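One structure is given below, encoded as structure tokens.
What follows draws every value from the coordinates through simple rules; no lab data is involved. These numbers come from a predicted model, not from an experiment. Reconstructed Cβ throughout: ideal geometry from the backbone, glycine too, with neighbour counts over all protein chains shown.
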Amino acid sequence: MILPSYQPSGNWAQLFIRNVTELNAILPESMSVAYIIVHDGTVQPHVEKIFSDIFSRFKNIQFISYPENKGKGYALREGIRTAKSDFIVVTDFDFPYKKKNLVELMIRLTEGYDVVVGKRSKNYFKQLPFRRKIISWFCILLKKIFLDLPLYDTQSGIKAFNKNGKDIFLQTKINRFLIDTEFILLSHRNGLSIKEVNIELESYVQFSRFGFKVIKNEMNNFLKLILMNKRLRKLPAA
């Protein structure tokens with residue numbers, strides 16, 4: 001499981017320990033999870049010390065960091081490149097989705113799907129702040145118009161894939177939020193089997209605000225995806 005992080009704050013350590021403990025408790029006997037935390041940028045000394053304490057408690061956690069903040073997409077690729085397992089799950093460091101959703105994604109992988117994607121439910125959208133809700137709906141509309149995908153809710157931060165999916169993920173280029181859409185686009189165009197799973201939020205989730213600069217950068221990335229889609233459509237089917 002790949003968990004990107006950047007300067008966590010608040011009671012993050014207690015929450016992380018609780019989340020890992022809760023997930024381990026509901027895993028089927030045939031499954032086990034190793035965690036790769038990718039800290040996207042320089043680790044502050046006090047944060048590093050807390051991480052060290054956590055690692056002494058859990059033996060199945062690997063930690064990666066690098067000096068410069070690069071973005072979620074870059075962090076995920078670093079973690080995925082390091083992973084050795086047949087199946088990979090990516091989610092956010094604060095485990096914002098129900099643990100049962102994580103388990104369901106893993107089970108779907110064992111059924112033979114290459115990629116399993118979280119689909120945000122109606123209850124999920126009800127919990128979104130108004131601004132985030134508008135942005136999400138606008139993104140879905142743009143994808144329906146410009147990207148002929150088998151699914152359009154590509155931006156949830158929870159996905160799982162096998163080695164075929166890993167190979168595709170490592171071909172992505174976007175370093176920020178639209179990495180999720182780029183991955184699904186490339187997976188679809190390369191003929192990978194994709195399965196959607198309905199997901200729900202945990203009650204403690206708090207949403208960050210998207211500033212104008214972030215939105216502008218993501219619109220530029222979306223234009224790149226449109227051009228990529230046009231190019232891929234001209235290639236022979238995989």
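The HN-Hα couplings worked out from phi for region 47-58 by the Karplus form 6.51 cos²θ - 1.76 cosθ + 1.60 (θ = phi - 60°) are 5, 4, 5, 5, 4, 4, 5, 5, 5, 6, 8, 10 Hz, whole numbers, x standing for Gly and Pro. Listed from fewest to most Cβ neighbours within 10 Å, the set I215, I54 follows the order I215, I54. Rounding to the nearest 10 and keeping the result within 0 to 90°, find how far the Cα-based axis of helix 179-189 lies from the longest principal axis of the chain. Roughly 50 degrees between the two axes.
Rounded to the nearest 5, the antiparallel percentage of DSSP beta bridges internal to the chain is 30%. Just name one of T110, S65, G191: the one whose Cα is farthest towards the positive end of the charge dipole of the chain (beta-carbon charges, Lys/Arg +1, Asp/Glu -1). Checking the options against the dipole of the chain, the answer is G191. As a rough footprinting exposure proxy, the listed residues E196, E22, E218 were ranked by other beta carbons within 10 Å of their own, and the order from fewest upward is E22, E196, E218.
Specify which labelled value, from [x] 1.09; [y] 1.16; [z] 0.99, agrees with Cα Rg over 2.2 N^0.38 Å derived from the coordinates of the model shown. Working out Cα Rg over 2.2 N^0.38 Å from the coordinates points to [z]. For region 172-178, putting each phi into the Karplus relation 6.51 cos²θ - 1.76 cosθ + 1.60 with θ = phi - 60° gives couplings of 5, 10, 5, 9, 10, 5, 6 Hz, in residue order, rounded to whole numbers and with x for Gly and Pro. Electrostatic bookkeeping for V117 treats Lys and Arg as +1 and Asp and Glu as -1; over the other residues with beta carbon under 9 Å from its beta carbon, the sum is 0. Each peptide in 67-77, 117-127 gets a packing score, the mean of other Cβ atoms within 10 Å over its residues, and the list from highest to lowest is 67-77, 117-127. Near G165: Cβ cut-off under 10 Å, other residues only, Lys/Arg at +1 and Asp/Glu at -1. The net charge is +1.
What separates the Cα centres of region 123-145 and region 162-238 is a distance of 16 Å.
Less than 5 angstrom separates the built amide H of D94 from none of the residues sequence-distant by 5 or more or on a different chain.
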